[in-house]
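Single-structure report; data block below.
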C-alpha cells in the first residue's frame, strides 16, 4: 500500500471505528500529518516574524498559519481517532485503549507501542486481515466451476 492509497483509505473510512487498519495505512497517515504540521511550523517561523517591530505582514501570516493549522487539525481529528481504533483492532485489542491518550506522556507511549505491534494474522474478532486478499469480503464468493 503506497502513501496515497493509505491516506485515501483513512478518508474513505472517515468515522468508521469497526474493522481493522493495517500498519501501513496508519503510519502513512501519521507521516502525512507530521509533514503537514512540519510545513506549517516552518512557514510560521520563516514568514511569520511577528516579533519584529511594525511587521504587520508577519503577524498576518502567522495568524493565517495558525488558523490553517487549527482547520487541518479539526478536519483530521475524527479520521485520526478512527484509524487509531482500527489499528488497535488489527492487533486484536479493544478500541477503548484509545482513551489512554488522555494521559499525555504515558498514554502516547502506550498507544504508540500498541500501534507498532504486528496485526493478528488472518481474521480476528474485528474482521478480516487487511493485508490478506483471501480474507477480503469482496473475494469471499467464487462462481461455480463448469462441470462441477
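Structure summary
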{"quantity": "Only listed residue being more than 21 Å from residue 87 (Cα to Cα), out of contact with any helix residue (DSSP H, G or I) (no Cβ under 6 Å at 6 or more places or on another chain) and modelled with pLDDT under 90, chosen from 48, 58", "calculated": "58"}
{"quantity": "Restricting the range 123-136 to residues that are exposed (fewer than 15 other Cβ atoms within 10 Å of the Cβ) and over 24 Å from residue 81 (Cα atoms), the residue that is modelled with the highest pLDDT", "calculated": "133"}
{"quantity": "Selection from the range 56-80 of residues that are surrounded by 13 or more Cβ atoms within 10 Å (Cβ to Cβ) and within 21 Å of the chain's Cα centre (by Cα)", "calculated": "68, 69, 72, 73, 76, 79, 80"}
{"quantity": "The range 81-96, residues that are buried (at least 18 other Cβ atoms within 10 Å of the Cβ) and over 16 Å from residue 125 (Cα atoms)", "calculated": "82, 83, 84"}
{"quantity": "Matching option when the condition is modelled with pLDDT under 90 and in a helix (DSSP H, G or I), among 66, 72", "calculated": "66"}
{"quantity": "Test for residue 120: is it surrounded by 15 or more Cβ atoms within 10 Å (Cβ to Cβ), modelled with pLDDT of 90 or more and under 11 Å from residue 22 (Cα atoms)", "calculated": "no"}
{"quantity": "Residue ID - farthest from the chain's Cα centre (by Cα), chosen from residues in the range 6-24 that are assigned to a helix (DSSP H, G or I), more than 14 Å from residue 132 (Cβ to Cβ) and in contact (Cβ under 8 Å) with a residue 40 or more places away in the chain", "calculated": "11"}
{"quantity": "Filtered residues of the range 98-108 (kept if exposed (fewer than 12 other Cβ atoms within 10 Å of the Cβ) and touching a helix residue (DSSP H, G or I) at 6+ places or on another chain (Cβ under 9 Å))", "calculated": "99, 106"}
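The values are calculated or read from the model by the stated rules, or taken from the named source; none is laboratory data. As the structure is a computational prediction, the values presented were derived from the model and not from experiment. Backbone-built Cβ (ideal geometry, glycine too); neighbour counts: all protein chains shown.
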